[in-house]
1. Are there any pairs with C-beta distances below 6 angstrom linking a residue in the range 279-308 that is not assigned by TED's automatic domain parsing to the domain that holds residue 265 to a residue that is of a type in the set (Ser, Thr, Tyr) and surrounded by fewer than 21 Cβ atoms within 10 Å (Cβ to Cβ), with the two at least 6 apart or on different chains, and if so which?
2. Checking residue 342 against (1) farther than 20 Å from residue 246 by Cα; (2) surrounded by fewer than 19 Cβ atoms within 10 Å (Cβ to Cβ); (3) touching a strand residue (DSSP E or B) at 6+ places or on another chain (Cβ under 6 Å), which test does it fail?
3. Search the range 253-268 for residues being aliphatic (A, V, I, L, M) and without any contact (Cβ under 8 Å) to a residue 24 or more places away in the chain, and hand back the single one that is nearest to residue 283 (Cα to Cα).
4. Does the range 169-176 include one or more residues that are assigned to a helix (DSSP H, G or I) and either free of Cβ contacts under 8 Å to residues at least 24 places away in the same chain or surrounded by fewer than 19 Cβ atoms within 10 Å (Cβ to Cβ) (or both)?
5. Out of the residues in the range 119-163 meeting the condition of being part of a helix (DSSP H, G or I), more than 22 Å from the chain's Cα centre (by Cα) and among the hydroxyl-bearing types (Ser, Thr, Tyr), tell me which one is surrounded by the most Cβ atoms within 10 Å (Cβ to Cβ).
6. Within the range 269-368, which helices (runs of 4 or more DSSP H) (wholly inside it) include 1 or more residues that are among the β-branched types (Val, Ile, Thr) and under 23 Å from the mean Cα position of the chain (by Cα)?
7. Taking residue 125 as the residue in question, decide whether it is touching a residue at least 12 places away in the same chain (Cβ under 8 Å) and closer than 21 Å to residue 321 by Cβ.
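The values are calculated or read from the model by the stated rules, or taken from the named source; none is laboratory data. Remember, predicted model here, so these are calculated numbers, not experimental data. Please note: Cβ atoms are built from the backbone with ideal geometry, for glycine as well, and neighbour counts cover all protein chains shown.
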Amino acid sequence: MKYNIKNLASIITAGAIISAFSLWSVFGTKSDFSESERRVLAKFPEANAETVLSGRFMSDFETYALDHFPMRDTFRGIKSASVLGVFRQSETNGLYVQDGYLAKAEKQLSDEMLNHAAERFQYIYDTFLKDTETNLYFSIVPDKHYFLSKESNRLAVDYERLVSEMRNKTEYMEYIDIFPLLSIEDYYRTDTHWRQENITDVAVTIGKAMGVNPDAEYVTLELEKEFYGVYYGQLALPVKPDTLYYLNNTILDECIVTSYNTGLPVKKSIYDMEKAQGRDPYEMFLCGADPLITIENPNAKTEKELVVFRDSFGSSLAPLLVEEYSKITLVDIRYMQSAAIGSFVEFYNQDVLFLYSTLILNNSLGMK
């Protein structure tokens, strides 16, 4: 009799928990965006005859249910702690922790992605740059896994082949090698990006290769808000936050920054302090994700202009090149069609720098 009562109590308890979570999942407050993962969450799928009969509704509903499961971040943290701590696996969903750094393991080199990136660059060259007397340069930023994999013998992409392939496909540009200048200490522990205060030597090296000498002095300022990078949210483990520093001087203060994110010119600042307090403080560098930005420097040493085709790493590097150029234009072809570039930029006799991270080159499908 006692055994039956125990079983009944267990069934009732389990049923109550399942019912509570089901009701919470259906009627609880839902968000369209995951602050911790910094991504848009799945929306409730449309139900009609076509989606139901094809099975797409149930597939999309499963994705929706997983994205909106109650206490999702808590369970994600438990999973990561179990996989890495209890079961002693080296990574979870490609993420790992090594020497206090959170990183993602890039293991497969995608020839398809490298070819796509090279094709986009070639299109820009053939359409806008050829025969314009522009000076063309190309530089690649290594991701954190490049350094951590060498220290621990983790499986990694063949970075040497990645660089070699991209150089061979972009022979019309002069390559600037910055790999030897960087180490894991130059990156945030919880994020993908490099630390601006640690890359002044990178700016000098790139500048000198382009025939300028960016040697300005800066004041190092500290952002009061703690910085939890993108890997922190993805891994969902309690990790000490980073401190974000940024470099400033009177030259940068007097620059005129214009964003064309809406298609119309909007005045901005080198450092967007509103975004510094937002979900991703790294976006404080030149407005974050923005298809087209111009920086005009009334105190420039020269009349030279620079155009940078870039990903997010360029946001924190560009301010360190400002003193040598009267105007810098930053173009991000992940957020604008390459064919539209000519509507905004007239190319003639500028320095043109293609600056891309290994992460983007090996996952270049977003380039348009």
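1. none
2. So residue 342 meets the others, but not (3).
3. Among them, the one singled out is 266.
4. Yes.
5. Here the residue is 125.
6. 358-361
7. No, not satisfied.
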